[in-house]
Amino acid sequence: MTSNILPLPTRRTAAHPTADGRRERSRTSRSRIIAAMLELVAKGDFSPSAARVADKAGVGLRTVFRHFDDMDSLHREISETIAAQIQPIVTRPFVGANWRERLMELAARRADYFEATLPHRISANLRRHQSAFLMAQYNRLIRSERQAVEEVLPPALLADRVLLESVHVALSFQCWRVLRHDQQLPAKDAGAVVRNMLLALIATHAPDADVPVI
């Protein structure tokens, strides 16, 4: 009577390949969806629909929403992927001996950072007014970028509100987008423009601003 019952280890062994296969297909589908979204945005489709992403990934629309509850969830995943890629740029230590040198380093770092994220940030900006997640992310990013600038500048310059805000504009993503897209400058020339703006701005400041950053 018991001879018709499969031994328990045999059942588990038989079930594992199927379960593992499903998990692997699921991981593959998710990766293809993320890769499709990244590729579409990188090629200028800044606000692709779920159907467009599904078509590019070679999966069904239902598969997209099986992995992601909505497009916000997909944007969240994309943001995390990009954040991991640019982390080495953002956290690179400064080597300049004083605040002026560090400001120029920051300008070069921003050029690398903005260039690496240009299409994806444009995409997020287009959608942020319809997305609570993207709007919150935008506000956090702006605060973080302002803080990074203000940690480099000396107290005397921080006290000059107009000059401070001018520096923020020169180092902003909006400025970089205008230079690269509207004025169609190559990245190298856009970086040179930003440096020239910063040098002109800080040249007008009082000499007592030349206090080294500790």
- Message: Pairs please, first residue from the range 135-153 and within 17 Å of Ala97 (Cα to Cα), second anywhere and of a type outside the set (A, V, I, L, M, F, W, C), Cβ atoms under 7 Å, 6+ apart in sequence or on different chains.
- Response: Val149/His168; Val152/Arg102
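Using the structure shown, decide if Ala190 is in contact (Cβ under 8 Å) with a residue 60 or more places away in the chain and either over 19 Å from Ala83 (Cα atoms) or under 16 Å from the mean Cα position of the chain (by Cα) (or both).
Working: in contact (Cβ under 8 Å) with a residue 60 or more places away in the chain: yes; either over 19 Å from Ala83 (Cα atoms) or under 16 Å from the mean Cα position of the chain (by Cα) (or both): yes.
Here the answer is yes, as Ala190 does meet what is asked.
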- Item | Test result for Arg52, modelled with pLDDT of 90 or more and either in the same structural domain as Gln137 (by TED's automatic domain parsing) or among the acidic types (Asp, Glu) (or both) | no
- Counted residues in the range 173-187 being in contact (Cβ under 8 Å) with a residue 24 or more places away in the chain and among the charged types (D, E, K, R) come to 2
- What are the residues in the range 30-49 that are surrounded by 17 or more Cβ atoms within 10 Å (Cβ to Cβ) and without any contact (Cβ under 8 Å) to a residue 60 or more places away in the chain, if any? Arg30, Arg32, Ile33, Ile34, Ala36, Met37, Leu40, Pro48
- Item | Matching residues in the range 109-158 - criterion: being surrounded by fewer than 14 Cβ atoms within 10 Å (Cβ to Cβ), within 22 Å of Arg195 (Cα to Cα) and of a type in the set (A, V, I, L, M) | Ile142
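Would you tally the residues in the range 167-205 being of a type in the set (S, T, N, Q) and within 23 Å of Arg140 (Cβ to Cβ)? Please lay out each step first, then the result.
Step one: filter the range 167-205 for residues of a type in the set (S, T, N, Q), giving 172, 174, 183-184, 196, 204.
Now restrict to residues that are within 23 Å of Arg140 (Cβ to Cβ): 172, 174.
Summing the residues that are of a type in the set (S, T, N, Q) and within 23 Å of Arg140 (Cβ to Cβ) in the range 167-205 gives 2.
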- Please give the number of the condition Thr204 fails out of (1) surrounded by fewer than 17 Cβ atoms within 10 Å (Cβ to Cβ); (2) among the hydroxyl-bearing types (Ser, Thr, Tyr); (3) closer than 24 Å to Phe46 by Cα. (3)
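Determine which member of the set Ala200, Ala116 is part of a helix (DSSP H, G or I) and either over 18 Å from Ile82 (Cα atoms) or touching a strand residue (DSSP E or B) at 6+ places or on another chain (Cβ under 7 Å) (or both). Don't jump to the end; show me each part of the working.
On the way: Ala116 fails: either over 18 Å from Ile82 (Cα atoms) or touching a strand residue (DSSP E or B) at 6+ places or on another chain (Cβ under 7 Å) (or both).
The conditions single out Ala200.
Determine whether Gln130 is outside the structural domain of Val53 (by TED's automatic domain parsing) and either among the basic types (Lys, Arg) or modelled with pLDDT under 95 (or both). Give the steps one after another, and end with the answer.
Numbers: outside the structural domain of Val53 (by TED's automatic domain parsing): yes; either among the basic types (Lys, Arg) or modelled with pLDDT under 95 (or both): yes.
In short, yes.
Select, from Ser166, Ser79, Ser144, the only residue that is in a helix (DSSP H, G or I) and closer than 16 Å to Met37 by Cβ.
On the way: Ser166 fails: closer than 16 Å to Met37 by Cβ; Ser144 fails: closer than 16 Å to Met37 by Cβ.
Exactly one residue qualifies, and that residue is Ser79.
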- Message: Quick check on the range 75-107: of everything there that is touching a Lys or Arg at 6+ places or on another chain (Cβ under 8 Å) and assigned by TED's automatic domain parsing to the domain that holds Ala136, which residue is surrounded by the most Cβ atoms within 10 Å (Cβ to Cβ)?
- Response: Ala107
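The values are calculated or read from the model by the stated rules, or taken from the named source; none is laboratory data. The model shown is predicted, which means the values in this text are computed figures rather than measured ones. Cβ coordinates were reconstructed from backbone atoms using ideal geometry, including for glycine residues, and neighbour counts include every protein chain displayed.
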